[in-house]
Amino acid sequence: MTTKTEEIATLIYSAPIGQYIGENGAKILADHAAQKLDLNDDEVLCEKDISTNCFYIVAKGRLAITYETKDKPTPTILHILEKGDLVGELSFIDDSPHTNTVRSLGNSCVISFNRADLEPLIKDHPELMFNFMRGVIKRVHSTLTAINRQQNELLDYIQTGGRGRL
C-alpha cells in the first residue's frame, strides 16, 4: 500500500524538476515540505493581486492562467498549464502579488511547496535545495523563452499582415 508521502514523492520525481533532485530528493521534499492539493473544476489556486508564500507543480489535469475584467462576465484564458508546469514560483521567490488568476480546468492536482517548510531544508539539505531551485529557475527560463518566441511570431504576423515573414 502506497502512503500519501510516497504518492507525493512519486509525483515530484515524475515532474521535470525530478531530474534535478532525484528520487531521494523527492522523498525528502515529500516528507518535509510538500502537500498534495486536489482542485475541482474552476477552483481558484492563485488570485490576481494576492501574494502567497507557496508555489505549485501541476501534477495532474490542467490549470488556466486567466485575465479578468469588469466588463466581461467570463475570464479570458491567457495560457494553459499542464503536468510538470510550475505556478506561482515568481511570487514565491520575490513576494510579489500574482499577476493573474490561476484556476483549474476540470479536476486537477498540484503539489504545493510552502516557503516556511522549505527554509529549514536549506540548512539541513543544502545540495538538494540548490538543485531544487536550479530546477525551478530552469523551468522559469524555459517558460520565458517560449513566451519570447510566441511574442516574436506574433510581431512577425502583425508586421506582415499575416502573409508570412518579411
What pairs come up if the first residue lies in the range 111-133 and is exposed (fewer than 14 other Cβ atoms within 10 Å of the Cβ), the second is modelled with pLDDT under 95 and assigned to a helix (DSSP H, G or I), and their beta carbons are under 8 Å apart, counting only those six or more places apart or on different chains? Pro120/His32; Ile122/Met129
Ser108 fails exactly one of (1) modelled with pLDDT under 95; (2) surrounded by 14 or more Cβ atoms within 10 Å (Cβ to Cβ); (3) not in a loop (DSSP other than H, G, I, E, B), namely (1)
I'd like to know if the range 48-71 contains one or more residues that are part of a loop (DSSP other than H, G, I, E, B) and either among the aliphatic types (A, V, I, L, M) or at pLDDT 95 or above (or both). yes
I need a count of the residues in the range 76-105 that are of a type in the set (D, E, K, R), closer than 13 Å to Gly61 by Cα and buried (at least 16 other Cβ atoms within 10 Å of the Cβ). 3
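The values are calculated or read from the model by the stated rules, or taken from the named source; none is laboratory data. Every value quoted in this text rests on a predicted model; they were computed, and no experiment measured them. Heads up, the Cβs are rebuilt from the backbone with ideal geometry, glycines too, and the neighbour counts pull from every protein chain shown.
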